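K.L.:
One structure, pasted below without further comment.
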Amino acid sequence: MSGSPPDVLVIGGGPAGSTAATLIARQGRRVLLLERERFPRFHIGESLMPATYWSFERLGLLDPMKASAYPRKHSVQFFSRDGRASAPFYFSEVDPHECSVTWQVDRGPFDRMLLDHACENGVDVRQEANVKEVLFEGDRATGALVEYATGGRERIPARVIVDASGQTALLGRKFGLKQLDPLLRHAAVFTRFRGARRDPGIDGGATLVLRVRNSVAWFWFIPLPDDVVSIGVVGPLGYLLRDRSNDPQAIFAEEVERCPPLRERIAGAPQVAEMRVLRDFSYISRRIAGHGWVMAGDAFGFLDPLYSTGVLLAFTSAEFAADAVAEAFRTQDFSAAVLGRHGPRYVAGMEALRKLVYAYYDESFSVARFLKRHPQFRDHVVNLLTGNVFRVPVDALFEAMGREIALPAPRSLLPVSEPG
């Protein structure tokens, strides 16, 4: 940057931050990305949705992904509480294009690849740089106060702030914008195994979602490179962590015993990672942008991990934000109306995925039974599992589904005229 202050300051180096930074730098802007950790670092959320293909294409990362050792993911398969497996939902059912095959990734090296790619595109990346505060003059964001691991603090001015700070949600917390979803207050207990049994052929890279017998919990089973599988159990916070052993290893083992299909797959497979616990409350912010700032990724909202939406939402929100920043510089209008112009479209896509999450957790509902009654909606469901919510309309599916179960009321953003 040759000593000049950045045009745009991006907070966070995960998929949302690195993607936004790359695309904004390509616009010819000076971009500084500040990441509080040192990459690579562990992160959950290894399963991609096929719709991420278009983001990889825009970023210029399709060839590295194709050349990678990451398992190919052709489908998602669901197991009921009694152990019965659904037919796999093959993404190619709705589109035979190569975009219908995606990847299962190890987020440590994967996120590092995205961050390195930002550097290659001219982004000034500083790791172990913790943003303590976004600076404002009146209601206009003007920069950030940064604290470095090596010592010292710095006030850095910028025309635009992209908050991609993940679940830290710097601006969401500052302005009290986060709205928790009262019915999706869940926790996850997870680890990795080596040598767990996978299905043959193209099914070997599938994501499996397995319900737990006599329980409100479910397991994910995500194949990774080197014969490793990521396995985690998700359930309501009150069920999974309260009034139980404080030992996550014991909690995990208890739930495995209630899930015979999973127990069979990991029999004899050694655990090769520590047991971790996350409280993954779903939430959305009441605003996506303000004067001189815009949110992307988990900084704006987080959705239950059931359908592996995390990286897709990070990519999509970052692309939308980068395009809004381009418009702001073109017009020299850095208002919330310009920087947040994509908000309603983005929220509509999140809400469609949220409805499908609610349907899964409704004890009276079965997607398999619903599709037997309404086979015309199978393509709609596959499009949702593919992540095509920003490209393909799915309203008809939820109109039919809403006649059978209670779906959540749609949420919307505050009008831009209202104060934060």
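K.L.:
Give me the angle, in degrees from 0 to 90, between the Cα long axis of helix 343-361 and the longest principal axis of the Cα atoms of the chain, rounded to the nearest 10.
P.N.:
20 degrees
K.L.:
Which of 14, 235, 108 moves most in a GNM of the chain, Cα contacts under 10 Å?
P.N.:
Checking each option, the largest mean-square fluctuation is seen for 108.
K.L.:
Follow-up. What does the net charge come to around residue 379 if you take all other residues with beta carbon closer than 11 Å to its beta carbon, with K and R at +1 and D and E at -1? Don't jump to the answer; show the numbers that get you there.
P.N.:
Values: positive: 378; negative: 93, 95.
With Lys, Arg at +1 and Asp, Glu at -1, the net is -1.
K.L.:
Identify which of 25, 187, 396 has the largest mean-square fluctuation in a Gaussian network model of the chain, with springs joining Cα atoms closer than 10 Å.
P.N.:
396
K.L.:
Between residue 187 and residues 5 or more places away or on another chain, which pairs have amide H atoms under 5 Å apart, with H built 1.01 Å from N, and which residues are they?
P.N.:
235, 237, 280
K.L.:
Sticking with this structure for a sec: Which whole-number percent gives the relative contact order of the chain, counting Cα pairs below 8 Å spaced six or more residues apart?
P.N.:
Details: 867 pairs, mean separation 83.6, N = 420.
20 percent.
K.L.:
Determine the sum of side-chain charges near residue 57: Lys and Arg each +1, Asp and Glu each -1, restricted to other residues whose C-beta is under 12 angstrom from that of residue 57.
P.N.:
In short, -1.
K.L.:
Excluding residue 361 itself, calculate the net charge of residues whose Cβ lies under 14 Å from the Cβ of residue 361, where each Lys or Arg counts +1 and each Asp or Glu counts -1.
P.N.:
Local net charge: 0.
K.L.:
Could you pull out the pairs from 73/132; 73/174; 66/355; 73/355 whose alpha carbons sit more than 30 Å apart here?
P.N.:
Going by Cα-Cα distance, 73/132; 73/174; 66/355 fall outside the 30 Å limit.
K.L.:
Which angle from 0 to 90°, rounded to the nearest 10, does the C-alpha axis of helix 310-331 make with the longest principal axis of the chain?
P.N.:
Long axis of 310-331 versus the principal axis of the chain: about 20 degrees.
K.L.:
Tell me, how many Å apart are the Cα centres for segment 83-118 and for segment 193-233?
P.N.:
Here the answer is 14 Å between Cα centres.
Each reported figure results from applying straightforward, stated rules to the coordinates on display, with no laboratory input. Just so it is clear, the structure is predicted and the values come from calculations on it, not from any experiment. All Cβ positions, even for glycine, are placed from backbone atoms using ideal geometry, and neighbour counts span all protein chains on display.
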